[in-house]
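As structure tokens, the structure follows; a few thoughts come after it.
The values are calculated or read from the model by the stated rules, or taken from the named source; none is laboratory data. Remember, predicted model here, so these are calculated numbers, not experimental data. Counting neighbours? That spans all protein chains shown, and the Cβs are built from the backbone with ideal geometry, glycine included. These area figures cover heavy atoms from the full protein model, side chains too; ligands, DNA and RNA do not enter into them. Shrake-Rupley method; radii C 1.70, N 1.55, O 1.52, S 1.80 Å.
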Amino acid sequence: PVLNAVSAAVRVQQAASELGLHRLNPAQVKAATLILSSPDRVVVVQGVAGAGKSAALAPAAHVAKAEGRAVLGLAIASTIAAQLKRDIGTDSMTIAGFIGRYQQILDGTASPAHFAKAWAENAGAILLVDESSQIGTNQMTALIGIATRLEVGRLALIGDTRQLDAVEAGKPFAQIQANGHAVAEMPENLRARSPMMKAVAAMLNKG
């Protein structure tokens, strides 16, 4: 853990204020706190469209960096990675680019010097993976393999099982949740303003 749960909850609200964001709602605090305080390497944030996931990630990233952790945003597409960089204020890149950078770590061909450099870049780091529902099984396996070998501090998978599925085979984001992994739920669409749109969003979320 970067911090214990009580300290994390306080610090993310402080960070939201410092960043000029609205006060985080309980679901946003829970998501940010899970990322910072879980003892697990892999954590999951399941949030509906418009739930304010980025608003929760930015304070979490801010606190993690203040605690000396490297933070990197990852996304399936370069446009989403660029948006993630703007939203959370940290370096971001595509998942394919990240896997390509550390392919030799995965296949065991990295020299000791290459491995040491890769480990120094990632050990204890926080990886924030946006739109995780779009990641196929092969890419998810590679991500978790790299995170494990390089002792990444946190691989936070953020997304919504009801949004777009992966182009490649598999639904690992949904499967991780279905198999009992701890999940921070963000069920409320904050973009919906009027009572009618709030009702519509709630019904859409229920299918």
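Some notes on this structure:
- Of all residues making up the range 57-75, the number that are without any contact (Cβ under 8 Å) to a residue 60 or more places away in the chain and open to solvent by 40 Å² or more (accessible area, probe 1.4 Å): 5
- Qualifying residue in the range 28-42 (condition: under 27 Å from Ala118 (Cβ atoms), in contact with an Asp or Glu (Cβ under 7 Å, 6 or more places away or on another chain) and aliphatic (A, V, I, L, M)): no
- Only listed residue being part of a loop (DSSP other than H, G, I, E, B) and either touching a helix residue (DSSP H, G or I) at 6+ places or on another chain (Cβ under 6 Å) or surrounded by fewer than 17 Cβ atoms within 10 Å (Cβ to Cβ) (or both), chosen from Val2, Val45: Val2
- For the range 120-134, the set of residues classified as surrounded by fewer than 20 Cβ atoms within 10 Å (Cβ to Cβ), of a type in the set (A, V, I, L, M, F, W, C) and out of contact with any Asp or Glu (no Cβ under 7 Å at 6 or more places or on another chain) consists of Ala120, Ala125, listed by residue number.
- Residue in the range 104-111 that is in a loop (DSSP other than H, G, I, E, B), among the acidic types (Asp, Glu) and either free of Cβ contacts under 8 Å to residues at least 24 places away in the same chain or open to solvent by less than 60 Å² (accessible area, probe 1.4 Å) (or both) present: no
- Single residue of Arg149, Arg154, Arg162 found to be buried (at least 20 other Cβ atoms within 10 Å of the Cβ) and touching a residue at least 40 places away in the same chain (Cβ under 8 Å): Arg154
- Some residue of the range 76-85 being part of a strand (DSSP E or B) and closer than 30 Å to Asn138 by Cα: no
- Residues being among the aliphatic types (A, V, I, L, M) and either out of contact with any helix residue (DSSP H, G or I) (no Cβ under 7 Å at 6 or more places or on another chain) or in a loop (DSSP other than H, G, I, E, B) (or both) - total across the range 16-34: 5
- Going through (1) over 29 Å from Arg162 (Cβ atoms); (2) in contact (Cβ under 8 Å) with a residue 60 or more places away in the chain; (3) among the aliphatic types (A, V, I, L, M) one by one, Ala125 falls short only on (2).
- Of the residues making up the range 135-181, those that are aliphatic (A, V, I, L, M) and farther than 25 Å from Ala123 by Cβ are Leu164, Ala166, Val167, Ala169, Ala174, Ala178.
- Helices (runs of 4 or more DSSP H) contained in the range 123-207 and holding at least 3 residues of a type outside the set (Asp, Glu) and modelled with pLDDT under 90: 172-178, 195-205
- The condition of being over 25 Å from Arg162 (Cβ atoms), surrounded by fewer than 21 Cβ atoms within 10 Å (Cβ to Cβ), among the β-branched types (Val, Ile, Thr) and touching a helix residue (DSSP H, G or I) at 6+ places or on another chain (Cβ under 6 Å) does not hold for Thr137.
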